[in-house]
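The values are calculated or read from the model by the stated rules, or taken from the named source; none is laboratory data. Model, not experiment: these values are computed from the prediction. Reconstructed Cβ throughout: ideal geometry from the backbone, glycine too, with neighbour counts over all protein chains shown.
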Amino acid sequence: MTSDLLAPLDLAFWNIESAEHPMHLGALGVFAAHTPTAGAHAADLLAARAAAVPGLRMRIRDAWRPRGLLRAPFSFGGAAREPAPHFDPLDHVRLHAPTADFQAAAGRLMERPLERGRPPWEAHVLPGGDGVSFAVLFKFHHALADGLRALTLAAAVLDPMDLPARRPRPEVPARGLLPDVRGLPDVVRGAVSDVGRALDIGASVAVSTLATRSTPALTAEPSGTRRTAGVVVDIDDVHLVRKAVGGTVNDVLIAVVAGALRRWLDERGDGSEGVAPRALIPVSRRRPRTAHPQGNRLSGYLMRLPVDDPDPLRRLAAVRSAMDRNKDAGPHRGAGAVALLADHVPALGHRFAGPLVAQAARLWFDILVTSVPLPGIPLKLGGHPVAEVYPFAPLARGQSLAVAISTYRGGVHFGLVADARAVPDLDVLARAITEEVTALITACDP
């Protein structure tokens, strides 16, 4: 394996991290086991399998003088992935003492930054206090993987899956880093177009910032602490609502988050009147055969969550309309696509502007609501099936709460991550998600 320069967005994630704001993704899988030693056996399996996964051997290092500098002039001062010398999977797979609360343990582990001098990932095995179940918390730095890539890496250390055969793709001639001079006019025109789009995005961000109102509960001063919670709702209930009122499953799930926030704010005494927090909805731009497939390829939609509307069906209608407008505009337009600006910043700019970009997240959005796809087939480790799986998103500077959602085996799993001091009542929000699904079903019942 050779070194591989980080794509601009990966480099941005690497440079905006701080001790109080670690930029890693997480996923907590809860396994149904049958013996008290299942957790220890799982840790041994993970370590043995990780040694054979090339992507898990890659560290990230500074690249002040990368090879091919003349072909990639914006890479000076960037970073690159490269095989870690003396890689030892035992540095990354850790077996913990038994715990009666997987979520409490996951919260404490999520607040700890990954060690930047070695491959930025960890797998924490948590034996259950009941003596039979166990959980595994995977952590991957966002510069190493987005949600789809993290899923691929995690799947590589789980039991082999029986995947359907894939059709072979036709070979595509490799392209060099330096464009053919015959196409230079087109390249220039494309660059000008990109800059224009970037300015349009920046203007949209400024307008959205001035026109919205959030709540202090979502923008409290950070403490560097973390708390997690998980909720599972029946996918059939979500489809029932979708079939009754139209839209997509994602529309319903975003509306559930909006309604749960309203219940949570009212119960904690903050009040929901006039509150319409800006939610960032990431959109994957990953396409087959693109360069640097292991890197982040993300844009996003930005929308106001109708938290201030007391009617669950009107909230859903507002979400559906907002998402339809976003889709009509496409993921390359609007304030939610500000991540595309990373492509126009030289690597050295990412290095020095990282802290400023991190601060700007508070001006950009109030809460992250993201969907992480999972395969429809059963996941297992050492023959033990995954019973629950909760995705966790990183908290940007200035945000107190992030919501990640995955659908797996007939259930919709909500993974909540919050600043533990700003949101000490995360369990209230978790309960409100279940209550909001019930409220939507009741509202759809003629």
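For the range 1-40, filtered to residues that are at pLDDT below 90 and of a type in the set (S, T, N, Q), the residue that is farthest from residue 106 (Cα to Cα) is 2. Can you tell me which residue is farthest from residue 88 (Cα to Cα) among those in the range 41-55 that are in contact (Cβ under 8 Å) with a residue 60 or more places away in the chain and touching a strand residue (DSSP E or B) at 6+ places or on another chain (Cβ under 6 Å)? Across the range 41-55, the extreme among qualifying residues is 42. Name the residues in the range 41-77 that are surrounded by fewer than 17 Cβ atoms within 10 Å (Cβ to Cβ), modelled with pLDDT under 95 and not in a loop (DSSP other than H, G, I, E, B), would you? Across the range 41-77, the qualifying residues are 54, 61, 62, 73. Looking across the range 390-412, the residues that are in contact with a Ser or Thr (Cβ under 9 Å, 6 or more places away or on another chain) and closer than 15 Å to residue 147 by Cα come down to 390, 391, 392, 393, 402, 403, 404, 405, 406, 407. Scanning the range 215-238 for residues that are of a type in the set (Ser, Thr, Tyr) and in contact with a strand residue (DSSP E or B) (Cβ under 7 Å, 6 or more places away or on another chain) yields a single hit, 228.
Within the range 396-419, which residues are more than 24 Å from residue 15 (Cα to Cα) and more than 12 Å from the chain's Cα centre (by Cα)? Of everything in the range 396-419, those that are more than 24 Å from residue 15 (Cα to Cα) and more than 12 Å from the chain's Cα centre (by Cα) turn out to be 407, 408, 409, 410, 411, 412, 413, 414. When the range 390-446 is limited to residues that are among the hydroxyl-bearing types (Ser, Thr, Tyr) and over 22 Å from residue 140 (Cβ atoms), the one that is surrounded by the most Cβ atoms within 10 Å (Cβ to Cβ) turns out to be 400.
Checking the conditions here, which among 255, 244, 279, 229 is in a helix (DSSP H, G or I) and under 22 Å from residue 392 (Cα atoms)? Steps first, please.
Details: 244 fails: under 22 Å from residue 392 (Cα atoms); 279 fails: in a helix (DSSP H, G or I); 229 fails: in a helix (DSSP H, G or I).
Just a single option satisfies the conditions, and that option is 255.
Figure legend. Inter-residue proximity from the range 221-239: first residues closer than 19 Å to residue 436 by Cα and without any contact (Cβ under 8 Å) to a residue 12 or more places away in the chain, second residues in a helix (DSSP H, G or I) and hydrophobic (A, V, I, L, M, F, W, C), beta-carbon distance below 8 Å, spacing 6+ or different chains. Indicated pairs: 239/249.
Residues of the range 96-113 being in contact with a Leu (Cβ under 7 Å, 6 or more places away or on another chain) and of a type in the set (A, V, I, L, M, F, W, C), which ones? Give the steps one after another, and end with the answer.
Of all residues in the range 96-113, those in contact with a Leu (Cβ under 7 Å, 6 or more places away or on another chain) come to 96, 99, 102, 105-106, 109.
Answer for the range 96-113, where residues must be in contact with a Leu (Cβ under 7 Å, 6 or more places away or on another chain) and of a type in the set (A, V, I, L, M, F, W, C): 102, 105, 106, 109.
Within the range 6-32, residues that are charged (D, E, K, R) reach partners that are in a helix (DSSP H, G or I) with beta carbons closer than 9 Å, at six or more positions or on different chains, in the pairs 10/342; 17/354; 17/358.
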